[in-house]
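Student: Here's a structure for you.
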Amino acid sequence: MSLDELADKEQSSSEEIQVAQSDSKFRSLNPGPIPIPAAPSIRSLVDSVSDERVDVMASHQSENGSGSISTASSTVSSLESEKAAYEYLAQTPIKSTDAHLVEFSEAMRTVAKALRRVAEGKAAAQAEAAEWKRKYELEMAHKQQSKIKGCGSCVSNDLDKLASQLTLETSASDQLGCCGKHGICSHEVLQDVVPGPIPRPNHKMVGRKASFKLSWGCNGDKNGQHKHDFVSFEKGDITTAERSNKQILLKWESPPQTVLFITKPNSNNVHVLCAEMVRWLKEHKNINVFVEPRVSKELLTEDSSYNFIQTWDNDEEIKLLHTKVDLIVTLGGDGTVLWAASLFKGPVPPVVAFSLGSLGFMTPFPSEQYRECLDNVLNGPFSITLRNRLQCHVIRDAAKDELVTEDPILVLNEVTIDRGISSYLTYLECYCDSSFVTCVQGDGLIISTTSGSTAYSLAAGGSMVHPQVPGILFTPICPHSLSFRPLILPEYVTLRVQVPYNSRGHAWASFDGKDRRQLSPGDALICSISPWPVPTACVMDSTTDFLRSIQEGLHWNLRKSQSFDGPRD
Ligand SMILES: NC(=O)c1ccc[n+]([C@@H]2O[C@H](COP(=O)([O-])OP(=O)(O)OC[C@H]3O[C@@H](n4cnc5c(N)ncnc54)[C@H](O)[C@@H]3O)[C@@H](O)[C@H]2O)c1
Ligand SMILES: Nc1ncnc2c1ncn2[C@@H]1O[C@H](COP(=O)(O)OP(=O)(O)OP(=O)(O)O)[C@@H](O)[C@H]1O
């Protein structure tokens, strides 16, 4: 129908005008194939036809000087136009076009689902491979320990048993009657009684590594009765028993004899204090001292009487440090604690962190009172915070057949995947175990331990979490989305972050702010909680130290108190 014909009809009948206008409206809405997002529903077409009819009626009647539009006539016209619209739709090809679009979008959805399932399958396989590799490494570490102890016969092939032995293991007496005769539950973690002489660098004497026990105190009472916190299931009811406060106490069973110093470089204060502490430990406590090769050189150049200090020459010797060192003393800031932890790819001896930095979130010990602090720690018992680490595997797409190809990197704070120098958004696909989590589009993503929750993750809007809460933080960096809130996931999950093939650029992973590695499209990063936590000594206890750090270090919720005078209830 042409517009001229429409104009003629408009003169003859208002009803016909409505239909004609509807007709022209439909044509203008649907001039050809319908664009996908704009395909109008039948209801909306009908509504718009009715609206148009009222407009046309109004203009038509006012032209004729007849005044207002009657409600009755508009209702009738509306019904008629609706009928006309349905008739029109029955004749037009819109339906079939819609059907094709629906069919097409469903096919696309099926393809997307299949692709996601493949990716999830791949994630699951890689997570499983990482888990097996972890178990294999545990076995190797155990074998190595057994060799050192001259106890080759105690190697077990049962991987599950081995894994539980190498994590915190309840001693046999605990299993029999949890709290033992005296009502104190001791969980033995390390029995490093070395029967023979240990091969040492520099042929210096190092005593046998001290053994210790851990116990879980109750409400600050260091000798408090340990309460089970297992979930129980009795007569069909599930209940969690009263729990202890989980504060862990370390009690030496034999005196610690060897201390390793890790110090911040290029700081005169640190250097002077280190020299003083090393001498005090040797002369007053008869402690063997290990220092880094750099520090050893510095001390020996200054004064040859430091010839009792020991150090290492190569990475192989670093790998054996945990078998010789009872305690680690760090002098510096949080970065020095991170550095110390990074030297240990397996078990980590307890860390006593002295504060010589600006913030000192993980360095609660005041360096001015080092004698008193070290006395307390060497005598024990003392509270520790068991800080979980994340083990991260970089999986190269180029080596995808080998699944896990590089050694794991252990982080105490976080692994960050960001856009590096690229000016494009990072595009990262994230999976938790084998479930798809989300795509990150923004500056990047932080996967953090709870210890790291007060570091970069905090700056990116993540929550502060007590370091002994068992969880993994999933914090986006400047996400380009209004609804991307940070998550905290349970500690037992395995996360996988993949740079998809259609990513515009590379991504970069960094580990505790160091060791940046490029991730190309197809590469992935797999993270899970490592079985090797970092035990850090507390000044008071884990919670008191944490609260003090957020209050004094970060000035958390600092506000002047409101004065007493003023309006009251
Ligand atoms: N925007 C940011 O806040 C940002 C950016 C990059 C890196 N970082 C953090 O720096 C860490 C590396 O530390 P560094 O000392 O080698 O580098 P650095 O010298 O750049 O110091 C970073 C700051 O973070 C603090 N910090 C480190 N770990 C912390 C923790 N667990 N809780 C509270 N504060 C902590 C340090 O005390 C220091 O003040 C990274 O692991 C990362 O968490 C933060
Ligand atoms: N023993 C070490 N060897 C090499 N580098 C180290 C060592 N200890 C610390 N670092 C590095 O030195 C840098 C600064 O250390 P740290 O954070 O302890 O001091 P800081 O910056 O003065 O403290 P804060 O961050 O609290 O102000 C960190 O990047 C850390 O990785």
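The values are calculated or read from the model by the stated rules, or taken from the named source; none is laboratory data. For clarity, every value in this text was computed on a predicted model and none was experimentally measured. Every residue, glycine as well, gets a Cβ built from its backbone with ideal geometry; the counts of neighbours run over all protein chains shown.
Student: Would you say Val539 is within 16 Å of Ser342 (Cα to Cα) and touching a helix residue (DSSP H, G or I) at 6+ places or on another chain (Cβ under 7 Å)? If you could, list the steps in order and put the result at the bottom.
Tutor: Numbers: within 16 Å of Ser342 (Cα to Cα): no; touching a helix residue (DSSP H, G or I) at 6+ places or on another chain (Cβ under 7 Å): yes.
For Val539, the condition - within 16 Å of Ser342 (Cα to Cα) and touching a helix residue (DSSP H, G or I) at 6+ places or on another chain (Cβ under 7 Å) - is not met.
Student: Would you mention how many residues in the range 515-545 are under 30 Å from His393 (Cβ atoms), within 13 Å of ligand 1 (Cβ to nearest atom) and in contact with a Pro (Cβ under 8 Å, 6 or more places away or on another chain)?
Tutor: 1
Student: Shifting gears a bit: Pick from Val465, Val469: which is at pLDDT below 95, assigned to a loop (DSSP other than H, G, I, E, B) and either within 18 Å of Ile529 (Cα to Cα) or of a type in the set (A, V, I, L, M, F, W, C) (or both)? Before you say what the answer is, go through the steps one by one.
Tutor: Working: Val465 fails: at pLDDT below 95.
Every option except Val469 fails the conditions.
Student: Now for a separate question. Examine the range 488-498 for a residue that is over 21 Å from Leu519 (Cα atoms) and crowded, with 17+ Cβ neighbours inside 10 Å, and state whether such a residue exists.
Tutor: First, pick out the residues of the range 488-498 that are over 21 Å from Leu519 (Cα atoms): 488-493.
The next check asks that each one be crowded, with 17+ Cβ neighbours inside 10 Å; those that pass are 488, 493.
Yes, the range 488-498 contains at least one residue that is over 21 Å from Leu519 (Cα atoms) and crowded, with 17+ Cβ neighbours inside 10 Å.
Student: If you don't mind, another one. Being modelled with pLDDT under 95 and surrounded by fewer than 19 Cβ atoms within 10 Å (Cβ to Cβ) narrows it down to one of Glu302, Glu317, so name that one.
Tutor: Working: Glu317 fails: modelled with pLDDT under 95.
Unique residue meeting the criteria: Glu302.
Student: Could you tell me whether any residue of the range 292-303 is in contact (Cβ under 8 Å) with a residue 40 or more places away in the chain and hydroxyl-bearing (Ser, Thr, Tyr)?
Tutor: First, pick out the residues of the range 292-303 that are in contact (Cβ under 8 Å) with a residue 40 or more places away in the chain: none.
So far as the range 292-303 goes, no, none of its residues is in contact (Cβ under 8 Å) with a residue 40 or more places away in the chain and hydroxyl-bearing (Ser, Thr, Tyr).
Student: Next question. Filtering the range 339-367 down to residues that are within 22 Å of the chain's Cα centre (by Cα), part of a helix (DSSP H, G or I) and more than 6 Å from ligand 2 (Cβ to nearest atom), which residue is farthest from Leu410 (Cα to Cα)?
Tutor: Here the residue is Ala340.
Student: Go through the range 451-472 and report how many residues are away from ligand 2 (no atom under 16 Å from the Cβ) and surrounded by fewer than 24 Cβ atoms within 10 Å (Cβ to Cβ).
Tutor: Summing the residues that are away from ligand 2 (no atom under 16 Å from the Cβ) and surrounded by fewer than 24 Cβ atoms within 10 Å (Cβ to Cβ) in the range 451-472 gives 10.
Student: Considering only the range 303-334, state which residues are within 16 Å of ligand 1 (Cβ to nearest atom) and either of a type in the set (Gly, Ala, Ser) or touching an Asp or Glu at 6+ places or on another chain (Cβ under 8 Å) (or both). Spell out how you get there, then give the answer.
Tutor: So the first thing to find is which residues in the range 303-334 are within 16 Å of ligand 1 (Cβ to nearest atom), and the list is 330-334.
Selection gives Gly332, Gly333.
Student: From the list Ser483, Ser528, exactly one residue is of a type in the set (Gly, Ala, Ser), away from ligand 2 (no atom under 16 Å from the Cβ) and surrounded by fewer than 20 Cβ atoms within 10 Å (Cβ to Cβ). Which is it?
Tutor: Values: Ser528 fails: surrounded by fewer than 20 Cβ atoms within 10 Å (Cβ to Cβ).
On inspection, the qualifying residue turns out to be Ser483.
Student: Kindly indicate which of Asp523, Asp512 is buried (at least 17 other Cβ atoms within 10 Å of the Cβ) and within 16 Å of ligand 2 (Cβ to nearest atom).
Tutor: On the way: Asp523 fails: within 16 Å of ligand 2 (Cβ to nearest atom).
From the options Asp523, Asp512, the qualifying one is Asp512.
Student: If I filter the range 524-533 for residues that are in contact (Cβ under 8 Å) with a residue 40 or more places away in the chain, part of a loop (DSSP other than H, G, I, E, B), more than 30 Å from Asp375 (Cα to Cα) and touching a Leu at 6+ places or on another chain (Cβ under 6 Å), do I get at least one hit?
Tutor: Quick first cut of the range 524-533, residues in contact (Cβ under 8 Å) with a residue 40 or more places away in the chain only: 524-533.
Keeping just the survivors that are part of a loop (DSSP other than H, G, I, E, B) gives 530-533.
Subset that is more than 30 Å from Asp375 (Cα to Cα): 530.
Going one step further and asking which of them are touching a Leu at 6+ places or on another chain (Cβ under 6 Å), we end up with 530.
Yes - at least one qualifying residue is present in the range 524-533.
Student: Output the residue which, of all residues in the range 412-429 that are touching a Phe, Trp or Tyr at 6+ places or on another chain (Cβ under 9 Å) and assigned to a loop (DSSP other than H, G, I, E, B), is farthest from ligand 1 (Cβ to nearest atom).
Tutor: Ser422
Student: Go through (1) in a loop (DSSP other than H, G, I, E, B); (2) farther than 19 Å from Leu425 by Cβ one by one and return the number of the condition Ser503 breaks.
Tutor: (2)
Student: Here is a follow-up. May I ask you to list the residues in the range 327-338 that are assigned to a helix (DSSP H, G or I) and either more than 14 Å from Ile262 (Cβ to Cβ) or small (Gly, Ala, Ser) (or both)?
Tutor: First pass over the range 327-338, keeping only residues assigned to a helix (DSSP H, G or I): 334-338.
Of everything in the range 327-338, just one residue is assigned to a helix (DSSP H, G or I) and either more than 14 Å from Ile262 (Cβ to Cβ) or small (Gly, Ala, Ser) (or both), namely Gly335.
Student: Conditions: (1) at pLDDT below 95; (2) within 16 Å of ligand 1 (Cβ to nearest atom). Ser342 meets all but one. Number of the miss?
Tutor: That leaves (1) as the condition not met.
Student: If you don't mind, another one. Would you check if Pro293 is closer than 21 Å to Leu321 by Cα, within 16 Å of ligand 1 (Cβ to nearest atom) and of a type outside the set (Lys, Arg)? Even if it seems obvious, please write down each step before you answer.
Tutor: Numbers: closer than 21 Å to Leu321 by Cα: yes; within 16 Å of ligand 1 (Cβ to nearest atom): no; of a type outside the set (Lys, Arg): yes.
It is false that Pro293 is closer than 21 Å to Leu321 by Cα, within 16 Å of ligand 1 (Cβ to nearest atom) and of a type outside the set (Lys, Arg).
Student: Scan Pro479, Pro470, Pro486 and give me the residue that is out of contact with any Ser or Thr (no Cβ under 9 Å at 6 or more places or on another chain) and not aromatic (Phe, Trp, Tyr). Don't jump to the end; show me each part of the working.
Tutor: On the way: Pro470 fails: out of contact with any Ser or Thr (no Cβ under 9 Å at 6 or more places or on another chain); Pro486 fails: out of contact with any Ser or Thr (no Cβ under 9 Å at 6 or more places or on another chain).
Exactly one of Pro479, Pro470, Pro486 is out of contact with any Ser or Thr (no Cβ under 9 Å at 6 or more places or on another chain) and not aromatic (Phe, Trp, Tyr), namely Pro479.
Student: On the given criteria, is Val394 more than 23 Å from Met540 (Cβ to Cβ) and more than 16 Å from ligand 2 (Cβ to nearest atom)?
Tutor: Working: more than 23 Å from Met540 (Cβ to Cβ): yes; more than 16 Å from ligand 2 (Cβ to nearest atom): yes.
Yes: the conditions hold for Val394.
Student: Condition check: on the phi < 0 side of the Ramachandran plot, within 16 Å of ligand 1 (Cβ to nearest atom) and either in contact with a strand residue (DSSP E or B) (Cβ under 9 Å, 6 or more places away or on another chain) or not polar (S, T, N, Q) (or both). Does Val337 satisfy that? Before you say what the answer is, go through the steps one by one.
Tutor: Values: on the phi < 0 side of the Ramachandran plot: yes; within 16 Å of ligand 1 (Cβ to nearest atom): yes; either in contact with a strand residue (DSSP E or B) (Cβ under 9 Å, 6 or more places away or on another chain) or not polar (S, T, N, Q) (or both): yes.
It is true that Val337 is on the phi < 0 side of the Ramachandran plot, within 16 Å of ligand 1 (Cβ to nearest atom) and either in contact with a strand residue (DSSP E or B) (Cβ under 9 Å, 6 or more places away or on another chain) or not polar (S, T, N, Q) (or both).
Student: Then there's this: Could you list, in sequence order, the residues of the range 542-554 that are within 16 Å of ligand 2 (Cβ to nearest atom), modelled with pLDDT of 95 or more and surrounded by fewer than 16 Cβ atoms within 10 Å (Cβ to Cβ)?
Tutor: Once the filter is applied, which keeps residues that are within 16 Å of ligand 2 (Cβ to nearest atom), modelled with pLDDT of 95 or more and surrounded by fewer than 16 Cβ atoms within 10 Å (Cβ to Cβ), the range 542-554 yields only Arg548.
Student: Restricted to the range 88-101, and to residues that are at pLDDT below 85 and aliphatic (A, V, I, L, M), which residue is surrounded by the most Cβ atoms within 10 Å (Cβ to Cβ)?
Tutor: So the residue we want is Ile94.
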